[in-house]
Each structure stands twice: as structure tokens, then as C-alpha cells.
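Engineer: Before anything else, here's the structure in question.
The values are calculated or read from the model by the stated rules, or taken from the named source; none is laboratory data. Quick caveat, the model's predicted, so the values are computed rather than measured. Backbone-built Cβ (ideal geometry, glycine too); neighbour counts: all protein chains shown. For the accessible areas, the whole protein counts, side chains as well, though only heavy atoms, and no ligand, DNA or RNA atoms are used. Shrake-Rupley method; radii C 1.70, N 1.55, O 1.52, S 1.80 Å.
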Amino acid sequence: MKEKTLRTLEYHKIIERLSSCAGSACGKERCRETLPLTDLGEIERLQEETQDALSRIYAHGSLYFSGIHDIRAAVKRLDMEAGLSAGELLHIGSLLTAVKRIRDYGAGDEREDSLTERFRMLEPLVSIANEIDRCIISEEEIADDASPGLKNVRRQMRLTNDRIRDRLSSIVSSNDNKTYLQDNIITMRDGRFCIPVKSEYKNRFPGMIHDQSSKGSTTFIEPLEIVTLNNELRELAVKEQEEIKKVLKTLSEMLVPHVQELEFDTETLTAFDVIFARAMLAKSMKASRPVFGTDGMIDIRKGRHPLIDPAKVVPIDIRLGGDFTMLVITGPNTGGKTVSLKTVGLFTLMGQSGLHIPAFDGSRLSVFDNVYADIGDEQSIEQSLSTFSSHMTNTVSILREADEGSLVLFDELGAGTDPTEGAALARAILSYLHERCIHVMATTHYAELKAYALSEPGVCNACCEFDVATLSPTYKLLIGVPGRSNAFAISGKLGLPEELIARARGYMTQKEKSLDDVIEGLSASRLEYEQKNEKASETLGEAERLKERLAQKNEKLDATREKIIENAREEAEKILREAKEFADTTIRKINKLAGSGAPMRELEEERGALRDRLSGAERKKKSASKKPGTPITDPSQLKIGDNVHVISLNVDGKIVSLPGRKGEVTVSMGAMRTIVNVSDLETAEAPPEQQKSEKTGVGAIKIQKAYDVGMSVNVIGMRVDEALPVVEKYLDDAYLAGLQNVSVIHGRGTGALKDAVHGLLKRLKYVSSYRFGTFHEGDRGVTIVEFKQGN
């Protein structure tokens, strides 16, 4: 890509934002070197890495690259087996610590993606990193425990220091010496301990003179009695430096065999820093991965120029390629034409650099070998070029270099000169590029170019919409509609007399009027089409949502049906197994009684028990796996209260609503209701419990309660004396309806209502237990009540 194009489309500003997302110096440097690629495979690889890094950020949080230093020079010295300084070793230790942190971050994601293998290949050299951390405290300080020799030298230095200070302290604290000393302090000169003596008494202290004050009143003397100790201390300091060099050499030698691992770690962390910087930039821009191809197709959906304030930018839809390879954009000034050009150009550069673009998912871009842009005022005073001359110079260069693999962007092509000649030149240039199958986007005010786009195959008009009512642009790009200047409409809104506007219209040629009428008709058709398309999209979206909900419902029904069938089969097998075991036991008892001459009464009792048990087993078996009823062929014969069997659920229920126009009825199955089609029903006999209860009237009460009682009662806002009768009646109804558990919603408040409800529950004999709701059930504002079974 040409540097001028990158500068014109402000690509460098995106790269600066990218580098600010990197955490290390090497990463920032690598980001600044990012340029668009032209190889589709490499572009897709970069896009996939950005997508995978973004997925990891959303799943596990951001990955930070702090503590990563540029150790390339130190690694080169290690490769030559040279020793490293404390600072260089600290930087390597810091990098190895970062390597471990980043490898652990990668290991936290079980998914395999394009980054997984590189995370695994990182080598943190944990033992060496720990040793560096143990031995080196800072660039100026090595730990005492770095080596036994260093520890011993420093211990001797402390002892010698203490001895020197003790001797000097006795000198400065002596009453006999107070007259001769300038201050009662111990100081250091040239690395040796001294005392400050008044210059006129310097001969009273034999020793070495090291310094004198600026006024000459104080002489700094090293007393003769500690010269030897100071010499010992100086020798120990030299030994200390030798021991430090040994420590640093040992640490360097530990790293020499791992030069390749350090080089790989450095390169991989830098690459990761750039990849995650691209992901962080995508996150900040709410960007998505574009779909790339090589067919010249561009389809940007709700694209937002990344350098415009997100609160002000208007998303636009842009298409280029396919039916047309040239797009001519018209419309008023400041209406968004230039922004549309820059959006397409900048998105192309960003996408080919591996960056996501701020647009909806599914946006398409194409790989171009070059992008050429002639945008903005290129007037040059130094080169004595006018605006037109400067633009034409750029245009000549573009015409000479562009080919089929290029994307060309023209802003106000042919402007800055006589309109007639400028329009003719612009049309000639566009025709030339179109004949060479070059993808072009151009903005213009020339009506001649609108007409050219209307008549030329493969060329399409577009316009930036303008709201005449508010006299302001909407910044929406409309493909397929040429723009209008709206000069007459704007002038009328601003108060220009109608007779002047009519006179102006009279000056227009018939051809110009016809073109204006065509444009107006196209704009009206476009608006109608967009409204219908928007309505159709909403309808389609609603249909998709309904389809999804239906699929989920069917899936749940299938799972429920399978579970019910399996439970019924297990129950039938259990009944048969128990009956067989009881029969075998009873037969053995009968045989035993008959053989022992037992009375006939005992034999009859055993036979009666066996008959009762087998009869009960038979009834249970029929209930668990009963035969299907008769399919319902005439829905009009159904009545509310009829017993039916829902085939898909394998559950019996009762009709609670008559069939609708599509043959759908509501069936109640205990406390649950569902809507099914008549074709999914068959006749069913009333259960024995219902037949028995119908004689007493209790069954009818239960059935009615099952229809009317909900799964919860809400008494929030009531006083205790109001709430308790409501709760008690509701619990009675729920128990009669056969519900297993219900919810009493009393809220938190002062707790008085909750305490009263709990007191009531303790007194009700049919309540098995109660508890507070879970977080998702309502927490302590709800009490879950469990009923005793067998009602």
C-alpha cells in the first residue's frame, strides 16, 4: 500500500490506538510496524488470531503484558557466553515471570484454538527465574544469601564496621577531645571513616588527613588507630564485588543453555502482545470479524467510522461489487459522502491488517492489492498547484498504477474547474476505469455523472439522504438512488419567494427537469421499498423466534413423553415382579400348610390374600400400560369435561375449552394445562378414583380446584388479619386440587406477615413441611409449602 493512501485514510491513527493497547515496549514497536497484507491466507490467520484472543478476553478477562522488557541484547551476549549485569538478569527474571503468568492464562481455557499451541510451547524456566529472584533484590543490591562467600564477606564487613564505629565513638565522646572536635559525629571521606577536627588542633590527632572544609576551619582526619581497620574494610569491599561478580556469572551460566528458549519466549510474548492488542482494540470499538474474499465484493453492514465520536457516528450500509463495480455517490455537502469513502477505504486497510472492523457480523470485505485515494484539499503552495491541478496530478498517478486488483476512491472528481469541462473529464475517467474492471467509489455533484450511472451497466448511483423538513442530512447512504441538490426545497424553507423559485425552475432545460423527476420518483420508490423491507424483516424475525420457541417446546414434550413411557414401563415391570414374588411365597405357604394338615380356614385365607394381591397387581399394570383409546375423528362432539388421552405426552386429561378454528383445544392434566391439536387426542376412561369420587361429590371438587388454583398466592401489602384467611383458603384449595407444593409470597418487610403465615402452616395437618425460597424462587420473601401425599 502507498504511504500517501495510508496517510489520506488516517490509517496511522488506528495504528496509534492499536499500539496504545499493547503492554510492552516490543509489542508497541511491533504494532507500529503493522501494515496491510495482500495474501488471503495470512489475512485469515491474523483475523482468526484476533477472534480467538477476543473470545479469551470475554471468557477469562484481559491478559496483561506488564514486566516484559526488551532482552534481545542480553540474549545476544548470552549467546556469546558473556556475563550479564544485575539489571539484565532482573529483566530476564521479570520476563520469565510474565511467561509463567501468560502460559497459565492460556491453560485456563480448555478450548483448542489458533493460540493454544503457542501457549503450551512457552517455557517459563521456573527454577532459574526463582534463583534470579532470590539472589538479586534490585539493580544496585544483591542478596546476602546469594552465595556463601558473599554472605561471609558481608558478615566480616559488618563486624569491622562495628569495631571502627566503637573506636571512633570513644574518641568523639571523650570529654578530653570536645575542645578539639568541630562536631561529635563520625563521617566518611573517600570511603573511609573520619572525625571532624578543628584545623588549629589537627596535630593533636595523629593519622591521615582526607579532606578539609571549604572555609578551612575543619579538617577530616582518619585516626591512626583505625587506619588498619579501614584498610581491612576496603579489602573486604573489594572481595564483596568479586563475590557479586561470581554470583552474576553463575546466574548467567545457568541461562546460557536456554538461549533458544529465551528467544522463543521473547518473540512469542511480543506476538501475543500484538494479537491481544488487536483484540482489545476490537473490544473497545465493538468490532466484528469481516468475511474476506477475492471477488471484489464489499458489503458493510451498519459500519461506523472508528475515528468519529461513537456517540455521534451514524452507521451506514455500503455495497460494492457483484452487480456493479462502480458506485457514484451524490448528495449535499457535509452529508456524509466523504465519510462513506473513508469508511470503505479504512475498513479495507484495517481488515487486511488483521484488525476487526466496527460493523455488524457478516460484513464482507475483499482483498485488494492496492488502495488509491484522492480525498481532501490537496492544494500545494510550494509546488504552485491549485486544488484542481493537485487533484489531477493524483488522478494521473492513479490511472497509471491502478489495475483490476485495485480499489480507487475519488472525492469530488473533476471539481475545482469549469463545471462542464469538469463533468466531461470525470465521466471520461470513470469510463476508462470501468472498462478496465477496476472497483471505484466516487463522490460528485455533477448531474451528468448521475445520468451516466443510470445508463451504464455495472455502475450504480448512491446518495446521502437529506431531510428537507429539518434542513439537515441524516448521514444514511442509500444505494441505487441518485442524490438531489434540494436547492429549491431548501431555498423555499428558508423563505425565498415562490415566484423566484418558479422562475428558477423555468431556466432549467427539459432534460434537467426530466432527470430531476426521475430522481424524485426513484427516491419515493426507495423509501417505500425500505419501509416494506423493514416490516418484512420484523415479520421474518418474529417468525424465526416463534419457530425457535416451538422447536424448544417440541423438544421438551419429546423428553417428557420418553420419561413418562420409561417410568410406566419400569412401574409395570416392578408390579409384575412383586406379584410373582408374592405368588411364589404364598404357594410355598399353601403347600406347606396342606402337607402339615392345617385347617381349611388357613388355606382359604392364604388363597384369598393371593387373589387380592394379584387383582391389585393387574389393576396397577393396566393403569401403568393401558391400551390406547379411540382416536377422535369428529371434534364437534367434544364437550368441556370429557376425559381424553394426549398421545404425544402419554398422559390423561380433561377438555377445558372447545376446539378452535385450527382444531386446537386446551387440556388440563392435574395442575398443568397445555394446548394440543385434536389429532393428538384419543378417548379415555375416567380414572377409578374419579368414578368413585363422583358418587360422593369430592372428585368434582378436586377437578374444579385443579382448574382454578394457581401455583402461588401473593399477600404482599395485606395486614395479618386480611392475609391469613386468604392464605388458608388458598392452601385448602391447592391441597384439594392435588398440588404437591405451592408458593406463598409474603415479602420481607417487618417479618410480621411471614411469622403469621408460618404459624398458620404449623397448625395445618395436611402441610408436610415448609421452607424459604431459594435465590431464584424469591429468597426470604417467599415460603415454599409441601403437602402430604395421599389426599
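Engineer: Based on Cβ point charges of +1 for Lys and Arg and -1 for Asp and Glu, what charge dipole magnitude is obtained for region 26-86 about its Cα centre, in debye rounded to the nearest 20?
Structural biologist: Rounded to the nearest 20 debye, it is 340 debye.
Engineer: When only DSSP loop residues count, what trypsin sites (Lys or Arg not before Pro) in region 48-98 have their Cβ near at most 10 other Cβ atoms within 10 Å?
Structural biologist: Values: sites: R56, R72, K76, R77; in loops: none.
Those that pass, being in a loop and sparsely packed, number zero.
Engineer: Sticking with this one: Counting only heavy atoms of the protein chains, get the accessible area per residue of region 238-314 (1.4 Å probe) and round it to a whole Å² value.
Structural biologist: Accessible surface, normalised per residue, equals 48 Å².
Engineer: Can you check what the net charge comes to around D299, using other residues whose Cβ is under 10 Å from the Cβ of D299 (Lys, Arg +1; Asp, Glu -1)?
Structural biologist: Counting the neighbours of D299, the net charge comes to +2.
Engineer: Could you list, bin by bin from short to long, the percent of Cα-Cα pairs of region 45-148 in 10 Å steps?
Structural biologist: That works out to 13, 37, 28, 17, 5, 0, in percent per bin.
Engineer: Of all alpha-carbon pairs in region 236-394, indicate the percentage at a distance above 26 angstrom.
Structural biologist: Pairs farther apart than 26 Å: 52 percent.
Engineer: Enter the accessible area per residue of region 36-151 (Å², integer; probe 1.4 Å; all protein chains in place).
Structural biologist: Accessible surface, normalised per residue, equals 51 Å².
Engineer: With a 1.4 Å probe and all protein chains in place, put K13, K547, K151 in order of accessible area, largest first. Working shown, then result.
Structural biologist: Details: K13 90, K547 135, K151 110 Å².
Descending accessible area places them as K547, K151, K13.
Engineer: Report, in whole Å, the centroid distance computed from the Cα atoms of region 222-276 and region 725-791.
Structural biologist: 74
Engineer: Using +1 at the Cβ of each Lys and Arg and -1 at the Cβ of each Asp and Glu in region 408-470, identify which of H439, G414, L454 lies farthest towards the dipole's positive end.
Structural biologist: H439
Engineer: Mind checking the per residue accessible area of region 364-463 for me, 1.4 Å probe, whole number of Å²?
Structural biologist: That works out to 43 Å² for each residue.
Engineer: Let me ask you something else. How many angstrom lie between the Cα centre of region 288-333 and the Cα centre of region 120-195?
Structural biologist: Their Cα centres are 69 Å away from one another.
Engineer: While we're here: Which percent of the accessible area of region 21-101 is formed by carbon and sulfur heavy atoms (probe 1.4 angstrom)?
Structural biologist: Whole-percent figure for carbon plus sulfur exposure: 52.
Engineer: Here's something else I'd like to know. Of the peptides 205-215, 344-354, 266-276, how do they stack up when ordered by the mean number of other Cβ atoms within 10 Å, highest first?
Structural biologist: Per-residue Cβ counts within 10 Å, averaged per peptide and sorted highest first, yield 344-354, 266-276, 205-215.
Engineer: Report the local net charge at G149: Lys and Arg +1, Asp and Glu -1, summed over other residues whose C-beta lies under 13 Å from its C-beta. Walk me through the numbers on the way to the answer.
Structural biologist: Details: positive: K151, R154, R155, K239, K245, K246, K249; negative: D144, D145, E240, E242, E243.
Combined, the nearby Lys, Arg, Asp and Glu give +2.
Engineer: Related question: Could you compute how fast region 50-107 diffuses translationally, taking Rh as the Kirkwood radius over C-alpha pairs and applying Stokes-Einstein at 25 °C with viscosity 0.890 mPa s? Give it in µm² per second.
Structural biologist: The estimated diffusion coefficient comes to 187 µm²/s.
Engineer: If you line up the Cα atoms of region 193-284 on their principal axes, what length do they span on each, largest first, in Å?
Structural biologist: Each principal axis gives a Cα extent; for region 193-284 these are 78, 38, 13 Å.
Engineer: On to the next question. Determine, for each peptide in 731-737, 394-400, 563-569, 288-294, the mean count of other beta carbons within 10 angstrom over its residues, then list the peptides with the highest first.
Structural biologist: 731-737, 288-294, 394-400, 563-569
Engineer: Find out how many positive minus negative residues lie around D113, taking Lys and Arg as positive, Asp and Glu as negative, among other residues whose Cβ is under 10 Å from that of D113.
Structural biologist: Spelling it out: positives minus negatives among the neighbours equals -4.
Engineer: Could I ask something else about it? Once the mean 1/r over all distinct Cα pairs of region 161-239 is inverted, what Kirkwood radius in angstroms do you read off? Could you put the intermediate results ahead of the total?
Structural biologist: Working: mean 1/r = 0.0791 Å⁻¹.
Hydrodynamic radius (Kirkwood, Cα only) of region 161-239 equals 12.6 Å.
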